[in-house]
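Engineer: Please find one structure pasted underneath; my questions will follow.
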Amino acid sequence: MKRILIAIFAACLMASCTSPKVDGHYNYQHGWNYDIAEGHVDVHETGTMDFYPDGSALDSANQVYRVTFNEGGTVTWIFNYVSPGWWRVEGDDFYSSGDADSFRMELLEAKGDGCGEELELAERIVKKVSGGIGRETKFNLAKLTKDELVWSYTYKDGHTDTWEFYRAKDK
């Protein structure tokens, strides 16, 4: 009986030592779209996520917003998105929030043949994104392996969005 208990204890100890951890440097790509009064917005981002053992995080991305206006024409904005923040895991729930004081979303480039209000609309988008940065969001932790982290979020309208993060091999 003693050997069985020791074997079970050893197996549990080994499992806890080898279970995947969130900490690390990840690469990701993500896209989404939505409608606004002026037209339709398509967004694509390519970035990195760093999750540190102390619960801090850094999300850095190149975000490309393309608006197709109802009245005709398009505009494309490229933003540098930098969001330091915090993270924690509780069971299958992944909590994340940004630090509103350190958040940056800088317009790098604007091009298009839009409605003439492109910069005002870009400023409204930055203001809207900035407004939600300090709020903690609860994601479903869908997958965590040594190479991959996947979380999802279900919006009030019922649609679910999924983010896939791949651990960088160089860090």
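Engineer: I'd like to know if region 114-121 contains one or more residues that are open to solvent by less than 60 Å² (accessible area, probe 1.4 Å) and either of a type in the set (S, T, N, Q) or part of a strand (DSSP E or B) (or both).
Structural biologist: No, region 114-121 has no match at all.
Engineer: Which of the residues that make up region 60-103 are within 14 Å of the chain's Cα centre (by Cα) and small (Gly, Ala, Ser)?
Structural biologist: Within region 60-103, Ser60, Ala61, Ser83, Gly85, Ser96, Ser97, Gly98 qualify.
Engineer: Taking Lys111 as the residue in question, decide whether it is open to solvent by 70 Å² or more (accessible area, probe 1.4 Å), under 23 Å from His44 (Cβ atoms) and either hydrophobic (A, V, I, L, M, F, W, C) or not in a strand (DSSP E or B) (or both).
Structural biologist: In short, no.
Engineer: For Asp161, state whether it is acidic (Asp, Glu), out of contact with any Gly (no Cβ under 9 Å at 6 or more places or on another chain), touching a residue at least 60 places away in the same chain (Cβ under 8 Å) and outside any helix (DSSP H, G or I).
Structural biologist: The answer is yes for Asp161.
Engineer: Here's something else I'd like to know. Go over the candidates Ser97, Ser102, Ser130 one by one and state the one that is of a type in the set (S, T, N, Q) and either in a strand (DSSP E or B) or open to solvent by 60 Å² or more (accessible area, probe 1.4 Å) (or both).
Structural biologist: Within the list Ser97, Ser102, Ser130, the selection yields Ser97.
The values are calculated or read from the model by the stated rules, or taken from the named source; none is laboratory data. For clarity, every value in this text was computed on a predicted model and none was experimentally measured. Cβ: placed from backbone, ideal geometry, glycine included. Neighbour counts: every protein chain shown. In case anyone asks, the SASA skips ligands and DNA or RNA and just uses the protein heavy atoms, side chains included. Shrake-Rupley method; radii C 1.70, N 1.55, O 1.52, S 1.80 Å.
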